[in-house]
Amino acid sequence: MTADHDLRRSPLAHLGEVVAGQGDRQVTLRKIPFLAQFDLRLDPDAPAAARVGRALGTPLPTAAGSVATAGAVRVLWLGPDEWLIVAPDGRAYPSRRTLCDALGDEPGSVVDVSANRTTLELSGPAAREVLEKGCSIDLHARAFAPGRCAQTTVSKVNVVLWHLDAGPDTAGDVYRLLVRGSFAQYLADWLTDAMEEYRHPSLTSAVSPVPQG
């Protein structure tokens, strides 16, 4: 019998790694197909917030646009009473039942939205320049540093935009764009087109699948 997860298909299953440019003008686009995602709503001042934080392994972030980390789990601040919990597919993370138990009888909700969005990753020294073609928020590091997130639009598509803290060994910026599956192809096409000016004749787009991050 085929396991349920073997029947999943990413909206961008055909997308390989798209590379354009070279050196300090390089940018790469790839898909991250199956991130686990839970939408959490609760009062940040209620006792349940501390219990949920203990279940996650990190207090819920309370500063606008901040991201908390607990191992492979990331907790993205989406609003005063809303967070998005994100973890790599197949990794250990608190289940929805665990989070609901932590919530208890207090007002709030935990919704599995893993199938609602897919994820595109844009990285490289020119990544910010590409995003700035279609995103109205200030993406300069002074305003949107690594470890920040925002609900915004890119080329009129609603996304959760997340600037990853990629570490000192990574050249350039790394952004993840969490987008609804029905808009994923349009956004991937727009980003690919926005990368075109950085394309170099010696570089081509790969068609092989990209391992999940």
Return the single residue from R128, R74, R25 with maximal mean-square fluctuation; model: Gaussian network over the chain, springs between Cα atoms under 10 Å. R25
Ratio of Rg to Rh for the chain, alpha carbon only, Kirkwood? 0.98
Point-charge dipole on Cβ atoms (K/R +1, D/E -1) for the range 36-112, about Cα centre, debye to 20: 340 debye
Quick one: length gained pulling A141 to R96 fully straight, 0.36 nm per residue minus the C-alpha distance? 12.8 nm
Percent relative contact order for the chain, counting Cα pairs under 8 Å at least six residues apart, stands at 29 percent
Taking Cα pairs under 8 Å and at least six residues apart, what relative contact order does the range 36-112 come out at, in percent? 39 percent
Once the Cα atoms of the range 36-112 are picked out, what are the Rg and Dmax in Å? 11.0, 32
Could you work out the relative contact order of the range 63-153, using alpha carbon pairs under 8 angstrom and six or more residues apart, expressed as a whole percent? 27 percent
Please compute the length gained on full extension between E82 and T69, using 0.36 nm multiplied by the number of residues separating them and subtracting their Cα-Cα distance. 3.1 nm
Sites K133 and S182, calculated FRET efficiency, Cβ-Cβ separation with R0 25 Å, nearest 0.05: 0.65
Under 14 Å from a point 7 Å along the Cα-to-Cβ line of A171: which residues of the range 127-154 have their amide N that close? 127
Note to self: C-alpha centroids of the range 39-55 and the range 100-127 sit apart, in Å, by 15 Å
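All of the numbers you see were taken from the coordinates with simple rules; none came from a lab. These figures come from a predicted structure and were not determined experimentally. Note: ideal-geometry Cβ built from the backbone for every residue, glycine included; neighbour counts use all protein chains shown.
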